[in-house]
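The values are calculated or read from the model by the stated rules, or taken from the named source; none is laboratory data. On a predicted model such as this, the values are computed, not experimentally measured, just so you know. Cβ coordinates were reconstructed from backbone atoms using ideal geometry, including for glycine residues, and neighbour counts include every protein chain displayed.
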Amino acid sequence: MPDDDILDIARVMGQGTSRLADAVGRSFAQAFLRPGDTERDLALRYAEATQELLPLIGPMVQNSLRLHQRENVRRAAVGIEELNQGRLPNAQEVAVGFADLVGFTKLGERVPADELGDVAGRLEELATEVASNPVRLVKTIGDAAMLVSPEPDPLIEAVLNLVEAADNEGEDFPPLHAGMGWGEALQRAGDWYGRPVNLASRITDFARPGSAVAPKELRDAVTKDDYAWSFAGKRRFKGVDGEVPLFRVRHAAEDDGD
């Protein structure tokens with residue numbers, strides 16, 4: 001394997017294990033900190049728990065990686081030409097969606113850090129729940145979640161379900177606004193790059209709270225009549241060539257009920 005690829009793997013693994021260590025640390029603090037503890041008492045208790053936990057985490061991480069790798073193999077449609085060349089295609093058509101918590105930054109000025117973390121953690125849980133095959137949750141970045149699918153319809157369904165799920169959380173949970181894109185993108189080190197990714201991110205900032213917005217190319221790519229579309233105008237976005245025709249999208253049944 002090329003050195004650059006090995007470095008990519010090491011970088012992604014470092015990011016993942018850093019989040020794992022943070023999660024373990026929070027859990028330890030909640031489970032093992034007792035009133036009246038001295039620093040020595042807590043350190044000894046942490047050390048004992050860590051010694052018992054580490055042998056269990058290794059197989060858990062291996063199993064999780066194995067499941068993700070198996071799913072990646074299922075998704076990969078490698079044609080005869082690619083097999084002859086000995087490589088996977090560099091780019092493929094995908095639908096991309098970003099969902100972002102509205103007012104998350106301002107919320108951080110009003111609530112304690114642990115409550116803010118609970119909101120971000122709940123967003124990740126909701127995004128994981130809607131990301132059923134072929135939709136994949138690529139990552140969460142604090143107040144935003146990124147979803148990708150090789151098919152447009154499942155991606156739209158997942159994004160709409162995520163926006164609605166956030167709304168169902170109640171008044172204490174910020175609403176989501178979402179943007180989507182469709183086109184050729186490149187997968188590298190577990191992330192995606194290209195015009196549909198950039199466009200989906202820009203459109204998210206344009207979308208109103210509680211809404212999902214998509215460009216014309218995604219609307220034209222859908223194969224079902226499950227959605228209601230309304231023209232939202234044309235707009236130029238930084239880093240994206242030309243004016244982009246935009247459409248708000250909703251479930252058709254929801255639109256009929258208005």
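Need the failing condition index for Val159 against (1) touching an Asp or Glu at 6+ places or on another chain (Cβ under 9 Å); (2) surrounded by 23 or more Cβ atoms within 10 Å (Cβ to Cβ), just the number.
Only one criterion in (1) touching an Asp or Glu at 6+ places or on another chain (Cβ under 9 Å); (2) surrounded by 23 or more Cβ atoms within 10 Å (Cβ to Cβ) is unmet by Val159, namely (1).
Is at least one residue of the stretch 107-121 under 16 Å from the mean Cα position of the chain (by Cα), farther than 29 Å from Asp4 by Cβ and at pLDDT 95 or above?
No - not one qualifying residue is present in the stretch 107-121.
When both residues are 6+ apart or on different chains and their Cβ atoms are under 8 Å apart, which pairs have a first residue that lies in the stretch 186-203 and is in contact (Cβ under 8 Å) with a residue 60 or more places away in the chain and closer than 22 Å to Leu7 by Cβ, and a second that is of a type in the set (D, E, K, R) and surrounded by 15 or more Cβ atoms within 10 Å (Cβ to Cβ)?
Arg188/Asp8; Ala189/Asp8; Gly190/Lys139
Do we have Ala43 as modelled with pLDDT of 85 or more and outside the structural domain of Glu125 (by TED's automatic domain parsing) here?
The answer is yes for Ala43.
Residue-by-condition table, conditions (1) in contact with a Gly (Cβ under 9 Å, 6 or more places away or on another chain); (2) among the polar types (S, T, N, Q):
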site	(1), (2)
Ala127	no, no
Ser132	no, yes
Val163	yes, no
Leu176	yes, no
Arg219	no, no
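Looking for something of a type in the set (Val, Ile, Thr), farther than 24 Å from Trp192 by Cα, at pLDDT 85 or above and not assigned by TED's automatic domain parsing to the domain that holds Gly194 - is there at least one such residue anywhere in the stretch 20-40?
Yes, the conditions are met somewhere in the stretch 20-40.
Would you be able to tell me the number of residues in the stretch 162-206 that are of a type in the set (Phe, Trp, Tyr), surrounded by fewer than 22 Cβ atoms within 10 Å (Cβ to Cβ) and in contact with a Pro (Cβ under 8 Å, 6 or more places away or on another chain)?
Final tally of qualifying residues: 0.
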